[in-house]
Amino acid sequence: MELAEAIILAVLAASTPLLIAATGELVTERSGVLNLGVEGMMIVGAACGFAGAWLTGSIFIGALFGIAAGTLMSLIFALMALGLAVNQVATGLALTILGVGLSGLIGAGFVGERITPAVHLTIPGLTDIPLIGRVLFGEDAFVYFSIALIIGVWWFLYRSRAGLILRACGDNHVSAHALGYPVLRIRTFAVMFGGACAGLAGAYLPLAYTPFFIPGMTAGRGWIALALVVFSSWRPGRLVVGAYLFGAVTILQLHAQGWGVGIPSQFMSALPYLATVTVLVLLSRTRTGGSTAPAALGTVFVPDR
Amino acid sequence: MRKTLLALAAGLLLSGSVSAASAADKLKVGFIYLGPIGDLGWTYQHDLARQALVKELGDKIETTYLENVPEGPDAERAIEQLVRAGNKLIFTTSFGYMDPTLKVAKKYPNVHFEHSTGYKRDKNMSTYSAKWYQGRYIQGLIAAKMSKSGVLGYIGSFPIPEVVSGINATILAAQTINPNIKVKIIWANTWFDPGKEADAAKALIDQGADVIMQHTDSPAAMQIASERGKLAFGQDSEMIKFGPKTQLTSILDTWGPYYIARVKAELDGAWKSEDTWGGLDSHMFAMAPYTNMPDDVKKMAEDAQAAITAGKLHPFKCPVLGQDGKEVECKGGANLADGQILGMNFYVKGIDDKLPGK
């Protein structure tokens with residue numbers, strides 16, 4: 001019972017940064033922009049988030065620093081890929097390389113420092129319920145926020161007019177432009193949202209997951225978030241399934257090793273990727289079939305004025 | 001305008017040649033690092049040693065380092081870059097640089113190379129490593145004394161001989177204190193991923209381990225153990241900041257004396273290709289202060305350290321029993337031979353787990 005609760009708690013902690021970063025990238029890609037710089041924006045978010053929290057002593061301000069840093073990074077991308085119509089793939093990769101270096105520079109003075117991690121909710125009575133108490137009523141604010149965020153994004157994309165317009169830009173920017181929508185401005189906001197989410201996801205690592213900053217601490221999570229967006233076929237619901245499944249298999253394979261089940265650990269380490277890809281591909285085959293990628297994803301748009 | 005440009009160009013040329021002339025008097029020493037120098041672990045310790053080198057011989061040498069160099073073919077380019085920049089002695093500080101270093105060494109016979117933790121050598125390529133298993137043995141003694149649950153948690157990186165011999169040395173030591181000691185092993189399959197290392201530590205603690213040891217590079221496991229009120233050992237460098245009431249000790253990589261000795265040899269023209277595998281006696285590594293333990297445990301650890309340093313105690317003293325209970329062939333007389341330890345690919349008796357890939 002206690003072990004099950006501990007596993008679920010660890011799964012939520014491991015999945016949350018993936019979910020937040022992937023949610024942001026999903027919105028960016030739905031507007032037709034492919035930003036491969038998630039890893040770079042995340043790691044700068046981690047460095048600035050830690051710096052903010054360490055300087056002010058407040059996790060909340062640290063999170064804001066992370067969001068701001070991610071947004072600023074995404075503005076560089078927007079300037080290049082949208083403003084100057086540079087190739088999006090190349091710009092995104094460059095953003096990652098820039099981010100890794102920049103975060104090392106920003107974080108250099110903070111390596112080896114410690115902060116008190118984000119507090120976990122406690123509601124007397126509710127948090128003490130066995131098995132589900134701490135899972136439902138004992139998480140840190142990031143976990144609750146990530147769930148609110150994905151619900152909000154789902155509502156925005158499918159239930160609001162603005163979301164419809166954003167998707168229109170992603171599927172056919174020429175038509176959206178012809179209808180009078182400011183395609184580049186909409187895409188810029190989408191890219192900024194993606195950057196803000198990536199920055200927050202990065203900040204989650206030193207503020208709640210492992211409360212210290214070390215260069216390179218995102219360790220490829222930005223790339224996993226990117227892959228999750230593709231394998232969820234750009235749908236928020238499947239993204240939630242993918243992110244939690246990835247986190248769950250990651251944690252369970254560690255436990256399986258501890259129990260000594262005798263399966264080679266190299267295979268166990270590959271399992272989260274295998275399981276997530278398999279399940280999401282199966283999910284996307286059952287209903288629609290074929291590609292559901294935004295039709296204009298990754299293509300450059302230069303409006304004729 | 002044109003005149004100014006010309007003057008500027010001439011000035012640049014002049015300053016360029018001047019700095020080259022002054023640099024020519026100094027021996028150029030290059031370093032290739034795996035991680036960022038701020039990783040607080042493996043690369044950080046190598047850079048501390050480089051700094052010690054500069055402090056000692058700074059008037060005679062000039063050092064350059066490249067950090068975050070991935071292992072594999074790409075490393076070759078980085079090493080060659082150091083050669084072309086005029087470095088005459090180059091330290092490549094990770095196992096995965098072995099083949100790239102050898103390739104570049106063959107191409108530039110007049111440049112000397114020092115490769116860390118590998119086994120391939122050439123006329124102009126030395127190797128150096130440390131007998132960390134000696135430190136792991138001391139940790140095993142402490143762990144068995146300090147564990148209340150009788151379950152130790154071990155986070156491994158990759159199932160390579162260096163890590164496997166560390167696990168075996170730990171459990172052999174622990175068994176001398178508590179014959180029924182259990183060890184749970186989780187392979188992270190990475191040297192560095194703080195999140196995953198933290199998750200592994202959580203899993204081990206949730207499964208009943210109360211002393212955590214790691215062969216991965218970040219202080220994440222130490223921090224989790226500290227949060228949960230358990231005990232842990234650091235890795236590569238001092239991690240007590242992340243667990244002031246948690247760290248028992250830590251194996252500290254101290255490359256400084258070796259680097260200074262090798263550079264001095266190079267300066268004197270006495271550099272030779274060598275295979276150095278140093279233990280506690282040669283100061284290739286050190287143990288961090290023994291903390292968070294009662295005085296009798298501390299004394300036991302210090303005695304063991306003294307005995308190993310003096311060569312009176314060997315972690316792999318024969319007979320060593322394999323997992324199947326059969327005696328491992330003893331090729332080194334009273335102890336396992338160095339080659340058997342360097343290539344260790346089996347678990348000793350008392351480890352319930354299966355070695356990956358076996």
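Sorted from fewest to most neighbouring beta carbons within 10 Å, what does the list B:Cys330, A:Cys169, A:Cys197 look like?
B:Cys330, A:Cys169, A:Cys197
Taking the highest mean first, how do the peptides A:4-12, B:271-279 order by number of other beta carbon atoms within 10 angstrom per residue?
A:4-12, B:271-279
Determine the principal axes of the Cα atoms in the protein assembly as shown, then give the extent along each, sorted from largest to smallest and rounded to whole angstroms.
Answer, in whole Å and largest first: 85, 83, 46 Å.
Evaluated at 25 °C with a viscosity of 0.890 mPa s, what Stokes-Einstein diffusion coefficient in µm²/s does segment A:20-100 have when Rh comes from the Kirkwood expression over alpha-carbon pairs?
The diffusion coefficient I find is 192 µm²/s.
Within 10 Å of each Cβ of B:178-188, how many other protein chain Cβ atoms are there on average?
The mean count of partner-chain Cβ atoms within 10 Å per residue comes to 3.
Report, as an integer, the average count of C-beta atoms from other chains found within 10 Å of each Cβ along A:246-259.
Per residue, the number of nearby Cβ atoms from other chains is 5 on average.
Would you mind checking the pairs B:Lys184/B:Lys241; B:Lys26/B:Lys241; B:Lys103/B:Lys272; B:Lys184/B:Lys298; B:Lys145/B:Lys241; B:Lys120/B:Lys331 and listing those with alpha carbons more than 29 angstrom apart?
Flagged as over cut-off: B:Lys26/B:Lys241.
Rg to Rh ratio, chain B, alpha-carbon atoms and Kirkwood radius?
1.04
Tell me what chain A gives for mean residue ellipticity at 222 nm when only DSSP H runs of n ≥ 4 count, each as -39,500 (n - 2.57), the sum divided by the residue total, rounded to 500 deg cm²/dmol.
The per-residue figure over chain A is -23000 deg cm²/dmol.
Among A:Gly112, A:Leu9, A:Val143, which residue has its Cα furthest toward the positive end of the charge dipole of chain A, with +1 on Lys/Arg Cβ and -1 on Asp/Glu Cβ?
A:Val143
Mind ordering A:274-280, B:98-104, B:198-204 by average Cβ neighbours within 10 Å, highest first?
B:198-204, B:98-104, A:274-280
Quick one: which residues, 5+ away or cross-chain, put their amide H under 5 Å from the amide H of B:Gly156? H built at 1.01 Å from N.
B:Ile186, B:Trp187, B:Ala188, B:His215
In segment A:77-162, if every C-alpha pair distance is counted and binned at 5 Å from zero, what percent goes to each bin?
3, 11, 10, 9, 11, 17, 15, 12, 8, 4, 2, 0
Once label points are set 7 Å from the Cα along Cα→Cβ at both B:Lys106 and B:Ser273, what is their separation, rounded to one decimal in nm?
Modelled inter-label distance: 1.2 nm.
Please list the radius of gyration and Dmax for segment B:247-358, considering alpha-carbon atoms only, with Å as the unit.
That works out to 17.9, 52 Å for Rg and Dmax.
For peptide B:201-210, what's the mean number of Cβ atoms from other chains within 10 Å of each residue's Cβ?
5
Let me check I've understood the local charge: for B:Asn189, count other residues with C-beta under 14 angstrom from its C-beta, Lys and Arg +1, Asp and Glu -1. What total comes out?
Counting the neighbours of B:Asn189, the net charge comes to -3.
What list of ³J(HN,Hα) couplings, whole Hz, do you get for segment A:6-13 from phi and the Karplus terms 6.51, -1.76, 1.60, once you set θ to phi - 60° and write x for glycine and proline?
Karplus values, whole Hz, x for Gly and Pro: 4, 5, 4, 4, 5, 4, 4, 5.
Using C-alpha positions alone, give me the convex hull volume of segment A:2-284 per residue in cubic angstrom.
139
Given the rule -39500 (n - 2.57) for each run of at least 4 DSSP H residues, summed and divided by the residues of chain B, what is its mean residue ellipticity at 222 nm, to the nearest 500 deg cm²/dmol?
Mean residue ellipticity, 222 nm, calculated: -13000 deg cm²/dmol.
Just to check I understand the Karplus step: with θ = phi - 60° and J = 6.51 cos²θ - 1.76 cosθ + 1.60, what whole-Hz values come out for segment A:207-213, glycine and proline as x?
Per residue, the Karplus-derived 3J(HN,Hα) values read 8, 9, 7, 10, x, 7, 10 Hz.
Sort B:Val320, A:Val119 so that the residue with the fewest other Cβ atoms within 10 Å of its own Cβ comes first and the one with the most comes last.
Fewest-to-most Cβ neighbours within 10 Å comes out as A:Val119, B:Val320.
Evaluated at 10 °C with a viscosity of 1.306 mPa s, what Stokes-Einstein diffusion coefficient in µm²/s does segment B:300-350 have when Rh comes from the Kirkwood expression over alpha-carbon pairs?
So the translational diffusion coefficient is about 134 µm²/s.
Calculate the length of the line joining the C-alpha centroid of segment A:215-293 to that of segment B:270-293, in whole Å.
Segment A:215-293 and segment B:270-293 have Cα centres separated by 42 Å.
Relative contact order, percent, of segment A:2-284 when contacts are C-alpha pairs under 8 Å separated by at least 6 residues?
Across segment A:2-284, relative contact order equals 36 percent.
Just the number, please: percent antiparallel of the DSSP beta bridges in the protein assembly as shown, rounded to the nearest 5.
So the antiparallel bridges in the protein assembly as shown amount to around 20 percent.
Can you put B:Ile308, B:Ile155, B:Ile171 in order of Cβ neighbours within 10 angstrom, beginning with the fewest?
Fewest-to-most Cβ neighbours within 10 Å comes out as B:Ile308, B:Ile171, B:Ile155.
Counting only other residues whose beta carbon sits under 13 Å from that of A:Met217, what net charge do I get with K and R as +1, D and E as -1?
Taking every other residue near A:Met217 into account, the sum is -3.
Using only C-alpha positions, report the orientation-averaged shadow area of the convex hull of segment A:212-305, nm², one decimal.
For the Cα atoms of segment A:212-305, the hull's average projected area reads 10.2 nm².
Values in this text are rule-based calculations from the coordinates and carry no lab data. Predicted model only: the values in this text are computed from it and were never measured. Glycine gets a Cβ as well: all are built from the backbone with ideal geometry, and neighbour counts include every protein chain shown.
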